[in-house]
Amino acid sequence: MKLAKSVYLLTVALTLSATLVGCKKGLDKTTSIPGGRNAAIADSGPTQPRDIDRGGIIPPFNPGGNNPGGNNVTGVPGFDPTKGDAGIGQAKGDFTGWIENPDEFANQTVYFEFDKSNVKPSEVGKLEEVAKKMKDAFKGKALRIEGHCDERGTEEYNRALGDRRALSVREKLVQLGLDPEMLPTITYGEEKPADPGHDDAAWRKNRRGQLILLSPPGSN
């Protein structure tokens, strides 16, 4: 009986020894995790949007604001003048093929101060006329808002400034009750001057937000 018990204890001891040796060998083959399971995850904080093409941080958008230094300020991300609204608050409708009427609201063109994009109080009355007419006479039609600048400054900066001007006009019209989805915008910068002159009188005419009435194809 004692012999059998000794053999049993010896067998158990050998089994436990083999198990421990096997575990140690298995751990030797594992790959360590840096920091262990309790390692803290670093919080880098909020990130800023980046201009991928330029590799720089996009400056914050300032509706109705202006930039010190006049139209010669550089470093503003460029905008494609063929793309309405430059991706900011763009109207959702597709107005390709709609009939353009640049004359309907020619007298309501909004003019801006040098290097500014805020709508002057003296120009708000024009937009009130436009909003009333769009609601009463032109239901179902759209209104494209074009942002323009004078020739001073870089093309890149003027496209950005033209975009802000168009957005400011659009914002006022939305406040006056027009549907934002029927108000596409586009910036032309300095590319389409109303006056080809190179003096203050011409520049005043070229710093503008122009309104183009858009009618669906086949409508009167």
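The values are calculated or read from the model by the stated rules, or taken from the named source; none is laboratory data. Because the structure is predicted, anything quoted here is derived from the model rather than measured. For neighbour counting, all protein chains shown are included, and Cβ atoms are generated from backbone atoms with ideal geometry for every residue, glycine included.
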Subject >> Count of the range 191-214 residues which are buried (at least 17 other Cβ atoms within 10 Å of the Cβ) and farther than 20 Å from VAL119 by Cβ >> reply: 2
**OP:** Exactly one condition in (1) of a type outside the set (Val, Ile, Thr); (2) at pLDDT 95 or above; (3) in contact with a Gly (Cβ under 6 Å, 6 or more places away or on another chain) is not met by PRO217; state its number.
**Re:** (2)
Original post:
Are any residues in the range 123-174 at pLDDT 95 or above, farther than 18 Å from GLU191 by Cβ, out of contact with any strand residue (DSSP E or B) (no Cβ under 9 Å at 6 or more places or on another chain) and assigned to a loop (DSSP other than H, G, I, E, B), and if so, which ones?
Top reply: ALA137
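Determine whether VAL119 is crowded, with 17+ Cβ neighbours inside 10 Å, of a type outside the set (S, T, N, Q) and more than 20 Å from ASP195 (Cα to Cα).
On the way: crowded, with 17+ Cβ neighbours inside 10 Å: yes; of a type outside the set (S, T, N, Q): yes; more than 20 Å from ASP195 (Cα to Cα): yes.
For VAL119, the condition - crowded, with 17+ Cβ neighbours inside 10 Å, of a type outside the set (S, T, N, Q) and more than 20 Å from ASP195 (Cα to Cα) - is met.
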**OP:** Take ARG170 and decide whether it is within 24 Å of SER219 (Cβ to Cβ), within 25 Å of the chain's Cα centre (by Cα), of a type outside the set (Phe, Trp, Tyr) and buried (at least 21 other Cβ atoms within 10 Å of the Cβ).
**Re:** yes
